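Structure, as C-alpha cells:
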Amino acid sequence: MKRREFLKMSLGVTAAASLSPVARAQAQLKEIRIGYQKSGVLVIARQQAVLEKRFAEKQIGIRWIEFTSGPPLLEAMSTGSVDLGAVGDTPPIFAQAANANIVYVAGSRITNGQGILVPANSGIRSITDLKGKRVGFTKGSSAHNVVIATLEKAGLTYEDITPVYLTPPDAGPAFANGSIDAWAVWDPYFAIGEKRQNGRILVNAYEVAKTNSFYLANRDFANTHVRETREVIDGLAEAARWAEAHRAEVHANIVDGRPSHHRWAIEWRDRPGFLGQCGLGLCHLPACNALTWRLARAHWGRGVASEAVGAMLQHAREDLGLSAFVAFIHADNAASRRVADKVGLKPAGETVLHGYRQLVYRLD
C-alpha cells in the first residue's frame, strides 16, 4: 500500500483484553459520541453512516465530534464528553500520566502517512540540518514522538531545535508562509502539505520509529456498554475492509478532496508577521460552508479578524460562487461574536461541537 493510503492502519483490528468477556448490566443507551480527526477509518465510517446503520434497530444515535489532534480528544474522553475515539500512540501516554479515565479497546500498526515535511526549496536536506531550525508539531501528539525519534536517529537532542507547538490547522499556514522551517504531521495533512503546500518529505515516520494507532474509550462507558463498544469496533473493521478494497476512492475523497476549501494566513500588508488564520471549509449542515478564524491575542481589538473574514467572504462569493455560510462560536467568545456581527453573520441558534456549547451564526 502506498504512503497516502493511510487507512491501512486500522485493518485487522483486534479487541483489547481490557474489555471483560462477560457482559455487565447495561444502562439504557441513547447515543454514542465518537471523537474523530480528519483521517483514518472513522472518516470513512462517518461518510458511509456505518455505525448509524448498525445501531438503528437499537434506536441508539451516533454523534460525531471532530478534533484537530489526539490530546484534546482524549481530554474530552476522560471527562465523559466523548465515548470512543481513535488517536496515535503518543497521546494516550500523556493522558495516562495524567490519570485519565480511558481504556484501550483496539490497536494496530501504522506503516505510512506521517513524517516530517520541509519546503521544496529548503536547504534542509538531511535530519542533521534540522539543528537550529523551527519545527512545528502538535504537543503530545504522535508527531511529537516522530520528532524525538528523528532527532535521536541523527544524534541530535530536543534542545538542538526550536519546537513550535501548533495544531495542524494552524501549522499549515505557518508552514506555507515560512514561519516554521519543518512540519511534523500525519495524513491527510501530511499528504496535503506535500501536494498543495509545496512540501518535500524529509523523513517518513516508519524510517525512524514503529508507530501505532489505538482506539480508546471512556473507561466508564466501556465497562458499562461492553456489547456496544465491541459493535463499534466491528463496524470500524467493516469500514476498513471497504477502504482496502476501494483505495482510489478513499484517496480521492480524503486526500484529494476538500477538507478545507481555503485557509489563509493573516499577515500585515507592510511588514512581516504571522497574525493568525481564517478558513472556509466543509460543514455538516446541508448546503452550507463553514467560516473559521483564529487570531493571536496580541492582535485582538484592531479590526484584523473582521477584515480578514470579510475578504474571505468576498472571495467565496465572487470567485467560488458560494452563497450560504455558517460560523460556530464558543458561547463565551465575545470577540468572535463581534467579528460575526461586523461581517453580517446573524445568530441562528446553538449546538454542541467538540464537547462545548457553540453559538451558530449564519449568512445566506
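None of the figures in this text is laboratory data; all of them are computed from the coordinates on show. Since the model is a prediction, treat every value here as computed from it, not as a measurement. A quick note on method: Cβ atoms are made from the backbone with ideal geometry, for glycine too, and the neighbour counts reach across all protein chains shown.
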Item to check | At 0.692 mPa s and 37 °C, Stokes D of segment 114-207 from Kirkwood alpha-carbon radius, µm² per second | outcome: 261
Next on the checklist: Distance cut-off 31 Å, Cα to Cα: go down the list 30/139; 58/346; 153/195; 131/195; 30/210; 58/210 and report the pairs above it.
Outcome noted: 30/139; 58/346; 30/210; 58/210
Next on the checklist: If amide hydrogens are placed 1.01 Å from N in the peptide plane, which non-local residues have theirs closer than 5 Å to the one on residue 139?
Outcome noted: 166
Checklist outcome for this item: Between residue 28 and residue 210, the FRET efficiency computed from the C-beta separation at R0 = 35 Å comes out, to the nearest 0.05, as 0.25
Checklist outcome for this item: Interchain or sequence-distant (5+) residues whose placed amide H lies within less than 5 Å of the amide H of residue 266 are 275, 276, 277, 278
Item to check | For segment 260-363, convex hull of alpha carbons as volume per residue, Å³ | outcome: 105
Checklist outcome for this item: Env charge @ residue 104, Cβ radius under 13 Å, K,R +1 / D,E -1, value 0
Checklist entry - What is the distance, in nm, between label points placed 7 Å from the Cα along the Cα-to-Cβ direction at residue 297 and at residue 131? => result 3.6
Item to check | Approximate spin-label separation residue 356-residue 268, in nm, with each point projected 7 Å along Cα-to-Cβ | outcome: 2.9
Checklist outcome for this item: Quick note on 189, 165, 36, ordering by fewest other C-beta atoms within 10 Å, gives 165, 36, 189
Checklist entry - What does the convex hull of the Cα atoms come to per residue for segment 158-248, in Å³? => result 165
Item to check | Farthest toward positive dipole pole in segment 114-207 [+1 Lys/Arg, -1 Asp/Glu at C-beta], among 176, 124, 154 | outcome: 176
Item to check | Cut-off 14 Å between beta-carbons: net charge of the residues surrounding residue 119, Lys and Arg +1, Asp and Glu -1 | outcome: +3
Checklist entry - For segment 346-351, in order, what is each residue's ³J(HN,Hα) by Karplus, 6.51 cos²θ - 1.76 cosθ + 1.60 with θ = phi - 60°, in whole Hz (x at glycine and Pro)? => result 10, x, 9, x, 8, 8
Item to check | segment 114-207: antiparallel DSSP beta bridges as a percent of all, rounded to 5 | outcome: 60
Item to check | Potential lengthening between residue 160 and residue 48 on full extension [0.36 nm per residue; Cα-Cα distance subtracted] | outcome: 35.8 nm
Item to check | Chain lengthening between residue 177 and residue 323 when straightened (0.36 nm per residue, less Cα-Cα) | outcome: 49.7 nm
Checklist entry - Which distance in nm do the two modelled labels at residue 338 and residue 93 give, with both placed 7 Å along the Cα-to-Cβ direction? => result 4.3
Item to check | Share of alpha-carbon pairs per 5 Å distance bin for segment 21-158, given as whole % | outcome: 2, 8, 15, 17, 16, 14, 10, 7, 5, 3, 2, 1, 0
Next on the checklist: Show me the ranking of peptides 177-188, 208-219, 305-316 by mean Cβ neighbours inside 10 Å, starting with the highest.
Outcome noted: 177-188, 208-219, 305-316
